[in-house]
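Working notes for the structure below.
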Amino acid sequence: MTCHKHLNHCHCTFVPSFVLNNLAKKGVNSAQVSIHQSNATRRKRKNKDVDMTTILADHSAQQMTAKGNALRQIYDCKQEYEQRVALVQEEGGPSLDDADANYAYEYAGVVRSYFENVLNRDSIDNSGLDLILNVHYGTNYLNAFWDGDEMTFGDGDNRIFTSFAKSLDVVAHELAHGVTQFTANLIYERQPGALNEHFSDVFGTAIKQHALRQTAHEADWLIGNDIMGPSLFGESLRSMKEPGTAYDNDLLGTDPQPSHMDHYYDGSSDNYGVHINSGIFNKVFYLVSMEIGTDKATQIWYHALQNLWEDADFTDAVAVLVRSGQILTKNKYVPLGTTQTIRSAFREVGL
Ligand SMILES: [Zn+2]
C-alpha cells in the first residue's frame, strides 16, 4: 500500500444540507440546531486536518503502511458534539444495554464482511483499517457523517428522523465514503462529488440487499427510508429506481434528483449538486443490476472505483465503467453481454 499524501477528507453527511435547510425554514428546531452544529464541526475538522498533516509528517513510512486488523470500536459521544467521548465497545465484546451502540457494531460488521467476501477488500483502506463509529452525537442531531477517518451518528429527533446508527443503509453509505477516499479519492464537489455520493449509494443499497437476501427485483431501491420518523413515514431521501420521486411533502419539499442529463442540476447548492446529480448514475446502476443482479453490478462498480481518479467527471466514469465491464466479462465474472447492458443503461440517461 502506498502512502496517501493528499486524501480528500470530505465531511460527507448522510442528509444533504438542502434537506435540512428546508426543514429549518419550516421551523423544525432540531434541523436548525443540526445545521449550526454541522458548520461548527466542519470548522473543527479543518483544524483536525492541520493536526493530521503534522502527525503524518512525523510518522515513518513504515508506520503508515502498517496493517491493521479491521477491528471495530464504538464510542458513545454522550450527546455532546464531540467524537470519542467514551469507548463502550470493542471487537468481540459482550452486547450492551445501548441499542444504538449494538446496531452500529453489528452493521459495521455486516459492511466489513460484504467488502471482504464479495469484493475481496480488507476494510476501508484494504489494509485492515480499524472501524471507528461514534454514536449519540449531540442532542437530537439529524445527521450522520464520515469526516476522513471515522463515522459519527446522531440520534435523530424521533419526529423527522430516527436514530442513524440503527440503519444499515446509513452505516454502509458512510463507511463507503471511506473506501472511496482510499481508492479514487474523488473530490467532494461537482461531478467527481456526485460520483463520490453515487458510489456510497451503490454500496449502501448493495449491502442492504445482500443482508436482506433480496434480489434486484425484490428490493425497494430507496436510500434513507428506514430513518424516516413519524412526520415523514413512507418517504425516503433518494430513489435509485426513480430519482426525483423519493419525497414530495410540506416539510422536505420535492426530491430534486434528475434521472437524465437533460435535467442536470448546474447550480451551486450542495457542493454543486453532489447529492442531486448522483441520481443520474444511480439510475444506471439500478438498470444494470436489474439485468445482471446487484452483486455482479457492484463488482463492476468496485473495479471501476479502483481505476478512477480524484477529478474524474461523468464522461470519464462512463468510459471506466464500460472498460471494467469488458474486463470482468472477459474474466467470466459477469455474463456475456454485460458491456452492452452498461452502455445501453448510460444511453437511457443521456450519457
Ligand atoms: Zn454521502
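Any residue at all in region 278-291 that is more than 17 Å from the chain's Cα centre (by Cα), within 16 Å of the ligand (Cβ to nearest atom) and not in a loop (DSSP other than H, G, I, E, B)? No; the residues of region 278-291 include none that is more than 17 Å from the chain's Cα centre (by Cα), within 16 Å of the ligand (Cβ to nearest atom) and not in a loop (DSSP other than H, G, I, E, B). Taken over region 143-183, the criterion of being part of a loop (DSSP other than H, G, I, E, B) and more than 16 Å from the chain's Cα centre (by Cα) is satisfied by ASP155, GLY156, ASP157, ASN158, ARG159, ILE160, THR162, SER163. Being aromatic (Phe, Trp, Tyr) and in contact with a Leu (Cβ under 6 Å, 6 or more places away or on another chain) narrows it down to one of PHE161, PHE182, so name that one. That would be PHE161, the only listed residue that is aromatic (Phe, Trp, Tyr) and in contact with a Leu (Cβ under 6 Å, 6 or more places away or on another chain). Scan region 299-324 for residues that are of a type in the set (Gly, Ala, Ser), in a helix (DSSP H, G or I) and closer than 24 Å to SER123 by Cα and the total you get is 3.
Any chance region 35-50 includes a residue that's touching a helix residue (DSSP H, G or I) at 6+ places or on another chain (Cβ under 7 Å) and modelled with pLDDT of 70 or more? Within region 35-50 (the criterion being touching a helix residue (DSSP H, G or I) at 6+ places or on another chain (Cβ under 7 Å) and modelled with pLDDT of 70 or more), the answer is yes, since at least one residue qualifies. In summary, VAL171 fulfils each of the numbered conditions (1) out of contact with any Ser or Thr (no Cβ under 9 Å at 6 or more places or on another chain); (2) assigned by TED's automatic domain parsing to the domain that holds VAL274; (3) of a type outside the set (Ser, Thr, Tyr); (4) within 15 Å of the ligand (Cβ to nearest atom) with the single exception of condition (2). The residues of region 94-127 that are in contact (Cβ under 8 Å) with a residue 24 or more places away in the chain and either assigned by TED's automatic domain parsing to the domain that holds ILE207 or touching a Leu at 6+ places or on another chain (Cβ under 8 Å) (or both), listed by number, are ALA104, TYR105, TYR107, ALA108, VAL110, VAL111, ARG112, SER123, ILE124.
Out of the residues in region 174-194 that are among the aliphatic types (A, V, I, L, M) and within 13 Å of CYS12 (Cα to Cα), state the one that is farthest from the ligand (Cβ to nearest atom).
In the first step, residues of region 174-194 are kept if they are among the aliphatic types (A, V, I, L, M); the result is 175-176, 179, 184, 186-187, 194.
The next check asks that each one be within 13 Å of CYS12 (Cα to Cα); those that pass are 175-176, 179, 186-187, 194.
Details: LEU175: 11, ALA176: 8, VAL179: 12, LEU186: 11, ILE187: 14, ALA194: 11 Å.
Ranking the qualifying residues of region 174-194, first place goes to ILE187.
Taken together, the criteria place GLY244 among residues that are assigned to a loop (DSSP other than H, G, I, E, B), within 19 Å of the chain's Cα centre (by Cα) and closer than 28 Å to PHE18 by Cα.
The values are calculated or read from the model by the stated rules, or taken from the named source; none is laboratory data. Note that the structure is predicted; figures quoted are calculated from it, not measured. Here the Cβ is made from the backbone with ideal geometry for all residues, glycine too, and neighbour counts use every protein chain on show.
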